[in-house]
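Participant: After the structure tokens below, expect a handful of questions from me.
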Amino acid sequence: MSNSQAPILVTGGAGYIGSHTVRLLAGQGRKIVVLDNLVFGHEQAIVDPDVELVFGEVGDQELVRSLFEKHGFGAVIHFAAYAYVGESVTNPLKYYQNNTAEPIKLLQVMQEFGCKVFVFSSTCATYGVPNKLPITETNVQDPINPYGRSKLMVEWILKDCGEAWGLRSACLRYFNASGCSPDGKIGEDHDPETHLIPRVLMAVTGEIEYLEVFGTDYNTPDGTCIRDYIHVEDLADAHAKALDHLAAGGESIRCNLGTGVGVSVKQIITAVEEVTGKTVPVKFGPRRAGDPDSLVADPALAKQLLGWEARHRDVRDMVAPAWTWMNGPGGGRYPENSLTR
Ligand code: UDP
């Protein structure tokens, strides 16, 4: 059993999902050290003064060893990864290096130090085109791009480490992370921003001229793609519960994190118009390569194993805080990092 009071190393904790999780865990009184190279992370996304931010690479074993020596971590939560599906197709080695090879180096240090609890940011992209809906954990995992494969390989590696040296892991397969903290202090700031909800909001503010809808001929009721949008604070809550499960001696788990509710692109646009009271300028365009018609989670296993379920099921609950964040002092952007490469 691991020591639940021991500090936790959070890689990529200055990123979007990482920072919301760090904020929740720190608020629960847990001691957190964030390791982030700030390629996509933001110093200002770490809002709790008790959280230490270390600037560096997950694969820098000398650095990671020094952190283990100093803090004696009881668990690692690993968020740090690249997540642009299109880029993973054109530059696969970048994704296999960063998303697959770097965590191996981290796991080697964990093994050296006898740290055997690992919470992993996995993804519904590991399923590829679903062989059945809603997607359960027994669905075939056959990813259709290097991003999904780079994540699935880590799932396999974690399983093998479990068998070989007793690592206990939680592979949390996120569906579409969205929303942000309702106080608008932290939020989603990607550059480039490719995700649907922020882009629809950017079309409302005029930051982009219009929202292009990628395809209207999908096999869905309104012809646009259906996804399962999960509030980032619900994701954070699942991480806290996964940590508790493993810290209490629980077995390794793999589970979906979604609401179980499917929402189309057109329904997102309607939700944005309701929340903002403004009309979204829209252009209907062709399909984007590699988009399955519908990706919706069956979240029952996470409820059974972790007692977790999404508190937010209405997408307006995701759109509203994202709108608050975009209307905040930074206009949905963090200030420049002072630590630069
Ligand atoms: N989408 C869209 N226009 C955009 C961005 C996204 O029509 O500018 C669609 C996309 O084709 C997909 C859905 O919105 O069907 C969600 O896309 P997103 O990139 O947010 O997440 P993904 O499901 O690809 O992880």
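The values are calculated or read from the model by the stated rules, or taken from the named source; none is laboratory data. This structure is a prediction, so every number in the text was calculated from the model and none was measured. Positions of Cβ are backbone-derived with ideal geometry, glycine not excepted, and every protein chain shown enters the neighbour counts. When the accessible area is computed, the model is the full protein with side chains, heavy atoms only, and any ligands, DNA or RNA have been set aside. Shrake-Rupley method; radii C 1.70, N 1.55, O 1.52, S 1.80 Å.
Participant: In the chain, carbon and sulfur make up what percent of the accessible area (probe 1.4 Å)? Mind dumping the intermediate values first?
Facilitator: Values: 7320 of 14310 Å².
Using a 1.4 Å probe with all protein chains present, the chain comes out at 51 percent carbon and sulfur.
Participant: Here is a further query. Give me the three principal axis extents of segment 295-341 from the C-alpha atoms, as integers in angstrom, largest value leading.
Facilitator: 43, 30, 21
Participant: Right, next: Using a 1.4 angstrom probe, figure out how much accessible area segment 58-132 has per residue, in square angstrom, rounded to the nearest whole.
Facilitator: With the other protein chains kept in place, segment 58-132 gives 40 Å² per residue.
Participant: If one takes the longest principal axis of the Cα atoms in the chain, at what angle in degrees, from 0 to 90 and to the nearest 10, does the Cα axis of helix 146-165 lie?
Facilitator: That helix lies at roughly 30 degrees to the long axis.
Participant: Ignoring everything except DSSP H segments at least 4 long, calculate the 222 nm mean residue ellipticity for the chain; use -39,500 (n - 2.57) per segment, divide by total residues, nearest 500.
Facilitator: Here the helix-only value at 222 nm equals -10500 deg cm²/dmol.
Participant: Sticking with this structure for a sec: Can you give me the accessible area per residue for segment 264-341, using a 1.4 Å probe, in Å²?
Facilitator: Result: 56 Å² of accessible area for each residue.
Participant: A further question on this structure: Tell me the net charge near GLN141. Cut-off is 11 Å between Cβ atoms, GLN141 excluded, with +1 for each Lys or Arg and -1 for each Asp or Glu.
Facilitator: That works out to +1.
Participant: Mind listing which GluC sites (Glu not before Pro) in segment 245-314 are in a DSSP loop and have 14 or fewer other Cβ atoms within 10 Å?
Facilitator: GLU251
Participant: Report the residue, chosen from GLY262, GLY285, GLY86, that carries the largest GNM mean-square fluctuation when the chain is represented by alpha-carbon nodes joined by springs under 10 Å.
Facilitator: Looking only at GLY262, GLY285, GLY86, the largest GNM fluctuation is found for GLY285.
Participant: So which GluC sites (Glu not before Pro) in segment 146-209 end up in coil per DSSP with only 12 or fewer other C-beta atoms within 10 Å?
Facilitator: On the way: sites: GLU155, GLU163, GLU188, GLU193, GLU207, GLU209; in loops: GLU188, GLU193, GLU207, GLU209.
Those satisfying the criteria are GLU209.
Participant: Under the classification rounded if a/c is under 1.5, otherwise prolate if a/b is larger than b/c and oblate if not, where does segment 80-159 fall, given a ≥ b ≥ c as square roots of the Cα gyration tensor eigenvalues?
Facilitator: In terms of gyration-tensor shape, oblate.
Participant: Can you give me the Cα centroid spacing of segment 4-69 and segment 277-341 in angstrom?
Facilitator: Between the Cα centre of segment 4-69 and that of segment 277-341, the gap is 22 Å.
Participant: Quick one: order THR100, THR270 from most to least accessible surface, probe 1.4 Å.
Facilitator: THR270, THR100
Participant: Between ILE135 and residues 5 or more places away or on another chain, which pairs have amide H atoms under 5 Å apart, with H built 1.01 Å from N, and which residues are they?
Facilitator: Correct list: VAL296, ALA297, ASP298.
Participant: On to the next question. Dipole size in debye (nearest 20) for segment 56-118 around its Cα centre, Lys and Arg Cβ +1, Asp and Glu Cβ -1?
Facilitator: Rounded to the nearest 20 debye, it is 140 debye.
Participant: Can you tell me what share of the DSSP beta bridges in segment 1-156 is antiparallel? A percent to the nearest 5 is fine.
Facilitator: 0 percent
Participant: Tally the DSSP beta bridges in the chain and give the antiparallel ones as a percent, rounded to 5.
Facilitator: Beta bridges within the chain, antiparallel portion: roughly 5 percent.
Participant: Just check segment 15-110 against the gyration tensor rule for me: Cα atoms, a ≥ b ≥ c as the square roots of the eigenvalues, rounded for a/c under 1.5, and otherwise prolate or oblate depending on whether a/b exceeds b/c.
Facilitator: Note, shape of segment 15-110 comes out oblate.
Participant: Next up: Show me, for segment 274-283, the HN-Hα J-couplings you get by feeding each phi into the Karplus relation (A = 6.51, B = -1.76, C = 1.60, θ = phi - 60°), rounded to Hz, glycine and proline as x.
Facilitator: Couplings: 5, 6, 8, x, 10, 7, 8, x, 10, 10 Hz.
Participant: Can you list the residues, at least 5 places off or on another chain, whose amide H is less than 5 Å from the amide H of LEU167, using H built in the peptide plane?
Facilitator: Amide H to amide H, under 5 Å and 5 or more residues apart or across chains, LEU167 pairs with GLY162.
Participant: Given springs between every Cα pair under 10 Å in a Gaussian network model of the chain, which of HIS195, HIS231, HIS20 has the largest fluctuation?
Facilitator: HIS195
Participant: Taking square-rooted eigenvalues a ≥ b ≥ c of the alpha carbon gyration tensor, is segment 156-256 rounded, prolate or oblate, where a/c under 1.5 means rounded and, failing that, a/b exceeding b/c means prolate?
Facilitator: Since a/c reaches 1.5 and a/b is larger than b/c, the shape of segment 156-256 is classed as prolate.
Participant: Can you compute the FRET efficiency between PHE284 and VAL39 using 1/(1 + (r/R0)^6), with r the Cβ-Cβ distance and R0 = 41 Å? Round to the nearest 0.05. Let's see the in-between values first.
Facilitator: Values: r = 34 Å, r/R0 = 0.83.
Calculated value: 0.75.
Participant: Next question, about the same structure. Grab the Cα-Cα distance for ASN327 and THR270, subtract it from 0.36 nm times how many residues apart they are, and report the gain in nm with one decimal.
Facilitator: Between ASN327 and THR270, full extension yields an extra 18.6 nm.
Participant: If one takes the longest principal axis of the Cα atoms in the chain, at what angle in degrees, from 0 to 90 and to the nearest 10, does the Cα axis of helix 61-71 lie?
Facilitator: 70 degrees
Participant: While we're on this one: As a test of understanding, state the convex hull volume per residue of segment 122-185 from its alpha carbons, in Å³. All intermediate terms of the calculation are to be shown ahead of the outcome.
Facilitator: Details: hull volume 8.2 nm³, N = 64.
Hull volume normalised by residue count: 127 Å³.
Participant: Mind pulling up the Rg/Rh value for the chain? Radius of gyration and Kirkwood radius, both on Cα.
Facilitator: That ratio is 0.95, to two decimals.
Participant: Could you do me a favour and compute the accessible area per residue for segment 143-246, 1.4 Å probe, result in Å²?
Facilitator: That works out to 35 Å² per residue.
Participant: Straight-line reach only, C-alpha to C-alpha below 22 angstrom: list the lysines that LYS31 could link to, leaving out same-chain residues fewer than 8 apart.
Facilitator: Within reach: LYS70, LYS116, LYS185, LYS241.
Participant: Something else now. Can you tell which of LEU9, VAL129, VAL117 lies farthest toward the positive end of the dipole of segment 1-138, using +1 and -1 charges on the Cβ of basic and acidic side chains (Lys, Arg; Asp, Glu)?
Facilitator: So the residue furthest toward the plus end is VAL129.
Participant: Please determine, in degrees from 0 to 90 and to the nearest 10, the orientation of helix 316-326 with respect to the longest principal axis defined by the Cα atoms of the chain, where the helix direction is its Cα long axis.
Facilitator: Compared with the principal axis, the helix lies near 80 degrees.
Participant: Using the Kirkwood radius over Cα pairs, work out the Stokes-Einstein diffusion coefficient for segment 195-341 at 25 °C and 0.890 mPa s, in µm²/s as a whole number.
Facilitator: Once the numbers are plugged in, D ends up at 143 µm²/s.
Participant: Want the number for PHE113 to ASP217: 0.36 nm per residue separation, take away the alpha-carbon distance, what's left?
Facilitator: So the extension gain works out to 32.1 nm.
Participant: OK, next. Whole-Hz Karplus ³J(HN,Hα) for segment 218-234, in order, using 6.51 cos²θ - 1.76 cosθ + 1.60 and θ = phi - 60°, x for Gly and Pro?
Facilitator: After applying 6.51 cos²θ - 1.76 cosθ + 1.60, I find 6, 7, 9, x, 9, x, 9, 5, 10, 9, 10, 8, 10, 5, 4, 6, 5 Hz.
Participant: Let me ask you something else. With every protein chain left in place and a probe of 1.4 Å, what is the accessible surface of CYS255, to the nearest 10 Å²?
Facilitator: 0 Å²
Participant: How big is the charge dipole of the chain about its Cα centre, in debye rounded to the nearest 20, if each Lys and Arg gets +1 on its Cβ and each Asp and Glu gets -1 on its Cβ?
Facilitator: Using only the charged Cβ atoms, the result is roughly 400 debye.
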